[in-house]
Structure formats: structure tokens, C-alpha cells
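The block underneath contains the structure these notes are about, expressed in C-alpha cells.
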Amino acid sequence: MKLTLALAQISTALGDVESNLEKHLEYIARAKAQKADLIVFPELSLTGYVLQDLVASVAHKPTEEDPIFKPLLEASQNLDIMVGFVDEDARHRFYIASAYLSDGRVLHVHHKVYLPTYGLFDEGRFFAWGDSIRAFDTRFGRVGMLICEDFWHASPPYLLWLDGADILLFSSASPGRGLTDREKLDSARWVERVTRAYASMFTSFVAHCNRVGFEDGLLFWGGATVNDPNGELLAQGPYFEEALTVAELDLNQLRRTRARLPLLRDERTALVQKELNRILANSSRG
Amino acid sequence: MQIDLTINTSVARQILTAFIKSEVTRAGFSRAVVGLSGGIDSALSCMLAVEALGKENVLAVRMPYRTSSPDSLEHAGLLIEQLEIPSKTIEITDMVEPLFALDPTISRLRKGNIMARQRMIVLYDQSEVFKGLVIGTSNKTEILLGYSTQYGDSASAINPIGDLYKTQVRQLARALGIPAPILEKPPSADLWEGQTDEGELGFTYEQVDKLLFLLVDHRYSPEECIEVGFDEKFVKAVIRRVQRSQYKRMLPPIAKLSNRTIGYDFLYLRDWGT
């Protein structure tokens, strides 16, 4: 089975959801023209990233009644769509979220579970912490979504793997930083290293879509990637500029890789659970 | 130990020109104004602005004072010729001397500050005439050391070179082909005859950039800097300078009275809505 994946590394207008929606619909049309099955947008692709006090005014609910999600759901009739947005729950908590839309329905919403609040990041000040990590079924098999800092912790991708995900969809708004004499910024090297490692260790497809464009002095570096279950890079978008990167994923590669390298078969989850229980019971170890 | 501040100049060039283009455009402008001193910092900012916006969209303004070194004017002229950009020369002597004359005891420092602020006034006025944003020319070293006149040379709409240490400015300027006389001369604010940055600061940019790179970029403690070979007095003096000039890097604090106060809990980026 083949999956044609489109990674839309777009720039967004800060706090202007309507104009960002227009851009989403343009990229969706382009992806459809290239016969893509699934298009992935970056973290907070409908809103922009450094929202601060804009959070409440850009929140939307992923429902058919919502004026932003209605056209996106309509567009998901023959192309699955993953978008980034601010989700507001019934009790008015705001989350950094990704929604997976397919055939006019919302298949899954992920709330970012790790909110970086240090250095140049201040997410914990403005957003609520998500509290679940779930894989879900799609027409291409079981999928898991994570957002940026989520995959800097080993446990969320690990849990998705155990929950059955064979395709991991990561989205980011990663500010470029760490200019040295190398051709790549430190932040690009770091992210490329970890996303590729997950593909190898979990013998799964790992796609990553990072946004581009400036917000004040922060430049998001783009460079969307998709790695196959052997940890081989299938495609990569350019740095710093908007692009739609299309790659064909041969999903049969999962079977071939796992026949060679049965890491999933051999994973000792009961051992993990036993040791985790022991470690957490003895939590004074920190 | 090896402390390496080398940067990839083509990546720096790509990011900084994109920054100027994005931020000038989003503010609703297409043009820029740069005060050219004849030194390397303003030359670099100017060149990046020209790459970002096009040569017809950048106005270079030279603002000499009676005692300014003739080299300054000439070196700025070299760059204007090389870049083929529109330029103006507006002498500030007649603007500042009446103020100097009010107090015969006026110090060199006060005169220098007045000149720096007068240049800011001229530049912002030309910004309105040319309909261009003022591009900043302060580098990371001088911002951290507070080696500038507040609301004078530190004033700008956007600053493309504020995250480059002086030695990195030199590296990028060389890569971009800035005229050799500008690259080679000793850095100076040229506020009085014979003034040089390194003479006034008491250390070289090579030395202080390495120290700041460890302290700021790599989060070394003062003790760790001394351990790797920096002189203790030098380390302490530099840290004190950085600490004491923190006010120059911030907007004036506002005393909080209401439930929502600018600077504390009224938080939006400048790019809000764009």
C-alpha cells in the first residue's frame, strides 16, 4: 500500500486565522493536484506561534459548525488533513492542538502534553497541558500525532508505538537558533537527529513538518522531513522558505523492516511496567 | 580551550536579509534609512538592507560633525558608491553647537551623547521623508556592554546585527565584500578626535567577545571563565558592565496600578496581526 504524503511548511500570519485558513486551502488544493492522500501542517498553523495574549481570541473548536473548521472538513473529503490550532474545551482551557480530519470527520485531536516554558519559550504561561497520548485508526493504518516538545521526551513516541501507531506525524514551530560555522543551525541538527532516531528505533514512518517565516526576530526554519522504518530520509523540504514537499511512502516497508529487525516483537512492555512501577514507588530518586 | 565564534556567513546573510524584508514589509513599509558612520557596523546593516530591499529603497545618511574624521565621510562614500544607493549628507555642527554653547563646562561625554542623539533626530526625520524604517547598527558586543548612547545610536526600528558579536560582524562584513578601508580601520564612535572603542573600553573586541560568548551564549559561570584562562579582574569588570547597563536594553519599567499593565500582562509581539 502506498501513501502519498504532503508536508506543508507554511508561514503564518500572527493571530489572523482567516488569512491562515486561506493559505491552508491553497496548499490543500496544491496537494490534491499532486494526488496526495494526506497533508500535514505545522504546529499552530491556523494561528501563528508566539500568541501570548492572543490565545483566547484565536481559539476554535474542531466541529462542523465552526467557521474555520467547516471548510477544512469539507476539504477533507478525498485528502486527509492534519492542522495545528488552539483548542478551547468546554470549561475554557486552551490547548496547543493538532486535529486529524478525514472524509468530513474529525478522527482525532491531540493536545500538546509538554509545554516548554524556559529559555525563549513561554507556553506554560498561556496554555493548558494536554493529558493523553493516543494512537488512532486511519485509512492508511494506525497513526499518532505529537507536537514539537512532545517528541523531545522519549515517552510520547514510545507510547504511541505501543498503542499501535506505525506512522508518527510530528508538527513544530521551531525557532532557528545556534548559528555556527556549519551549514545547518543547531536547532535543525537537533530535531533532525531525534526524528530520525525514532524512525530507526520504532521501525516506523516518522514525518515532521516545521513552519517557516518570522515572528519579530524569530525565524522558523522549516526543513520538513519524512524518514522510513529503516531511518532513511525519504524527502526533505528546504530551510527557511515555504514549500509543499511530497513523498510517496511504501507502507509495505514496515513489514520488510520488521521482518529484518523485530524490535517491536521483542519489546518487553511488562518489564518496562515493572521497573517503572518500582522507580516511581521509590520516587525520592528524582 | 578553543573558543570559536566563526559563523557560516551565507546562512547569516540569508537569515538577516530575510529578516529585514519580512519585518519592514509587515510594518507596512518597503524602504529603509541607515545612518552611515563610515564604520563597519553601519556598513554591514546598510549592505544587508540593500540586499533585502533593493538599492533604490535604501537611503544612506551621513551626518558629520566639525571635528569628525574626514576618513569617516570618505569611507561611508566608498560604500555608497559601491552599492549605488541614494544618499544625503547632513552636517550636525550647526544643530549641536548652540546647545554646547549654553554651558562652557560641558564635558566630552555630554557632547558625544548630544551628537549621537542629534543624529538620531536627523535620521528619524529622514525616515519620514524617505518613508523608510530606520535600520539598527548596534552589535551584540556593544549592546551587552552598554557601549552606546541611549536614544542615540541605539535607536532603530529593527536591528539585523544585534545578535552578532563585533568579531562576527567583521567576518560577515568581509564575506559580503565591504570595502577594505572600512574593514581594516580601528573601531571608533568618532565623537572626539583620537577616540577608539578599544582604547576607551580598555580591552580588545577579540578578548571580550570570547568572554561574552562563554558567559552569555554558553552559560559559563564567572569561575568557569577564570578556570579556562580569563583574567579574574577582566571577568568581573565585564560582568559588572553588563549588569549595570541592563537598563539600556529595556523599555522603561512602568509602575503597576491597574489589572493590566503594558510590559507585564499586556503581551503581544510587534508582528501582531501580520
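Here are B:69, B:45: which of them is away from every other protein chain (no Cβ under 14 Å) and farther than 30 Å from residue A:14 by Cα?
B:69
Given A:143, A:226, A:206, A:212, which one is surrounded by 23 or more Cβ atoms within 10 Å (Cβ to Cβ), within 14 Å of chain B (Cβ to nearest Cβ), β-branched (Val, Ile, Thr) and within 30 Å of residue A:29 (Cβ to Cβ)?
The conditions single out A:212.
Scan the range A:2-24 residue by residue and report those that are touching a Phe, Trp or Tyr at 6+ places or on another chain (Cβ under 7 Å) and more than 11 Å from chain B (Cβ to nearest Cβ).
A:3, A:8, A:10, A:24
What is the residue count in the range A:30-45 for residues that are touching a strand residue (DSSP E or B) at 6+ places or on another chain (Cβ under 6 Å), assigned to a helix (DSSP H, G or I) and charged (D, E, K, R)?
Residues meeting the conditions: 1.
Residue B:190 - would you say it is assigned to a loop (DSSP other than H, G, I, E, B), at pLDDT 95 or above and surrounded by 12 or more Cβ atoms within 10 Å (Cβ to Cβ)?
Criteria not met by residue B:190.
Any idea how many residues of the range B:240-256 are part of a helix (DSSP H, G or I) and surrounded by fewer than 13 Cβ atoms within 10 Å (Cβ to Cβ)?
Adding up the residues that qualify gives 5.
Taking helices (runs of 4 or more DSSP H) that do not extend beyond the range A:179-286, which have at least 1 residues that are touching a strand residue (DSSP E or B) at 6+ places or on another chain (Cβ under 7 Å), at pLDDT 95 or above and of a type in the set (Gly, Ala, Ser)?
By residue number, A:186-201.
Condition check: within 14 Å of chain B (Cβ to nearest Cβ) and not small (Gly, Ala, Ser). Does residue A:193 satisfy that?
no
Hey, among B:13, B:31, which residue is modelled with pLDDT of 95 or more and in contact with a helix residue (DSSP H, G or I) (Cβ under 6 Å, 6 or more places away or on another chain)?
From the options B:13, B:31, the qualifying one is B:31.
Results for (1) closer than 15 Å to residue B:160 by Cβ; (2) buried (at least 19 other Cβ atoms within 10 Å of the Cβ), shown as yes or no for each residue.
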residue	(1), (2)
B:17	yes, no
B:27	yes, no
B:33	yes, yes
B:39	no, yes
B:67	no, no
B:76	no, yes
B:100	no, no
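Test of understanding: among A:186, A:250, A:266, which residue is surrounded by fewer than 16 Cβ atoms within 10 Å (Cβ to Cβ) and touching a residue at least 24 places away in the same chain (Cβ under 8 Å)?
That would be A:250, the only listed residue that is surrounded by fewer than 16 Cβ atoms within 10 Å (Cβ to Cβ) and touching a residue at least 24 places away in the same chain (Cβ under 8 Å).
The values are calculated or read from the model by the stated rules, or taken from the named source; none is laboratory data. Just so it is clear, the structure is predicted and the values come from calculations on it, not from any experiment. Because the Cβ atoms are built from the backbone with ideal geometry, glycine has one as well, and the counts that use them run over all protein chains shown.
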